[in-house]
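To start, the structure under review is shown below, and the notes come after it.
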Amino acid sequence: MIALKLIETAQALFADDKGLLAMDESNPTCNKRFAEFGIPQTEEARRSYRELIVTTPNLGECISGLILYDETIRQTKKDGTSFLKIIVDAGIIPGIKVDAGAKDLAGHPGEKITEGLDGLRERLEEYAKMGARFAKWRAVIMIGPGIPSRGCVEANAQALARYAALCQEAGLVPVVEPEVLMDGDHSIDRCFALTEEVLRLVFNELYTQQVMLEGMILKPNMVVPGLTCPEQGTVNEVADATVKCLLRAVPAAVPGIAFLSGGQSGELASACLNAMNVRFRKKLPWALAFSFARAIQQPALEVWKGQEAHVQLAQHALYYRAKCNQAARRGNYPAAMEGE
Ligand code: 13P
């Protein structure tokens, strides 16, 4: 029974070329984004912004799932309607970030381990009762001189697998997110090699922990050069390297892959996803979709700037980027978006 429910939820999240919108920034991360635009860093400002997102007209046309944060899943619209009700009424599946953030890994200077396994079973049970149907856990792997270490990658892979097994026990589809960060001047080849190694170790641990691959979602980085690498390469190079890497490391039983944007601009993230689907969609065992935060939200946040009078325009900006990514899933971006 649980297995069927997990498979159904995972498949629903990839239906109709839709994708996920991550709006699960922790309070410190959300406040950091607000600070860039002079928006007050308060619970009420975060609530207003999240209300803007969940009430965006027609968002359910292109977004299948919204990833919430613990504060947000308990919040309501100004008129008292819960965000959860609004999301479900819009035909969108609610999900929840359940990791407790990346902390310094003992004995490994400069590296992080994601925490949050203690008490996770009970938290998942509560979120499932509230109506969440999937969950997210993000591990971060940094590239630098001498890092990542095997110790860091293995510890994070094991935590991801233990989280994923607990999610499935609770009937929630785990979004498994091992993010190789873009920071640094490394080449695309280095990103390729490390992403492949990380994914192989993650799937090894998922197998060891008996995670059912048909009932999970992988949320990886694209294979890209470091942000300060002098050779930035082309969109097609990123698409080719990313698909080649995934084909080597991701089992065909996984229903779909939903990329993070990792600091790419909205346009670039859509263009890369589009190129992958144009070139490979018909040959791949899994769907290639999106689970972006910044690459969907950034233009909307820039327009909103905390001003009530800008809400409608910001919602247009949010919907537009979401629609662009649905087009990218079809290999139809930017052609489909011209004149919009
Ligand atoms: P970005 O798309 O901004 O990288 O965020 C994705 C995400 O959910 C990180 O966990």
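Assorted remarks:
- When residue 232 is tested against (1) within 15 Å of the ligand (Cβ to nearest atom); (2) without any contact (Cβ under 8 Å) to a residue 24 or more places away in the chain; (3) of a type in the set (S, T, N, Q), only condition (1) is not met.
- Of all the listed residues (289, 314, 309), the sole one being out of contact with any helix residue (DSSP H, G or I) (no Cβ under 7 Å at 6 or more places or on another chain) and aliphatic (A, V, I, L, M) is 309.
- Taking the range 104-213 and the strands (runs of 3 or more DSSP E) fully enclosed by it, no element has 3 or more residues that are open to solvent by 10 Å² or more (accessible area, probe 1.4 Å), polar (S, T, N, Q) and at pLDDT 95 or above.
- Yes/no for residue 67 being hydrophobic (A, V, I, L, M, F, W, C), part of a helix (DSSP H, G or I), at pLDDT 95 or above and within 20 Å of residue 323 (Cα to Cα): no
- Condition check for residue 262: open to solvent by 10 Å² or more (accessible area, probe 1.4 Å), within 16 Å of the chain's Cα centre (by Cα) and within 28 Å of residue 211 (Cβ to Cβ): yes
- Taken across the range 307-323, residues that are buried (at least 22 other Cβ atoms within 10 Å of the Cβ), within 16 Å of the ligand (Cβ to nearest atom), outside any helix (DSSP H, G or I) and not basic (Lys, Arg) do not occur at all.
- Some residue of the range 182-192 being polar (S, T, N, Q) and out of contact with any Ser or Thr (no Cβ under 9 Å at 6 or more places or on another chain): yes
- Cβ pairs under 7 Å, 6+ apart, first in the range 319-338 and among the small types (Gly, Ala, Ser), second part of a helix (DSSP H, G or I) and open to solvent by 30 Å² or more (accessible area, probe 1.4 Å): 327/336; 331/278; 331/281
- Listed by first and then second residue, the pairs linking a residue in the range 249-277 that is assigned to a loop (DSSP other than H, G, I, E, B) to a residue that is within 14 Å of the ligand (Cβ to nearest atom) and among the aromatic types (Phe, Trp, Tyr), with Cβ atoms under 7 Å apart and 6 or more places separating them unless they lie on different chains, are 260/292; 261/292.
- Restricting the range 267-297 to residues that are open to solvent by 50 Å² or more (accessible area, probe 1.4 Å) and within 14 Å of the ligand (Cβ to nearest atom), the residue that is nearest to residue 174 (Cα to Cα) is 294.
- Within the range 82-102, if we keep just the residues that are assigned to a loop (DSSP other than H, G, I, E, B), open to solvent by less than 40 Å² (accessible area, probe 1.4 Å) and of a type outside the set (D, E, K, R), the residue that is farthest from residue 116 (Cα to Cα) turns out to be 92.
The values are calculated or read from the model by the stated rules, or taken from the named source; none is laboratory data. On a predicted model such as this, the values are computed, not experimentally measured, just so you know. A quick note on method: Cβ atoms are made from the backbone with ideal geometry, for glycine too, and the neighbour counts reach across all protein chains shown. For the accessible areas, the whole protein counts, side chains as well, though only heavy atoms, and no ligand, DNA or RNA atoms are used. Shrake-Rupley method; radii C 1.70, N 1.55, O 1.52, S 1.80 Å.
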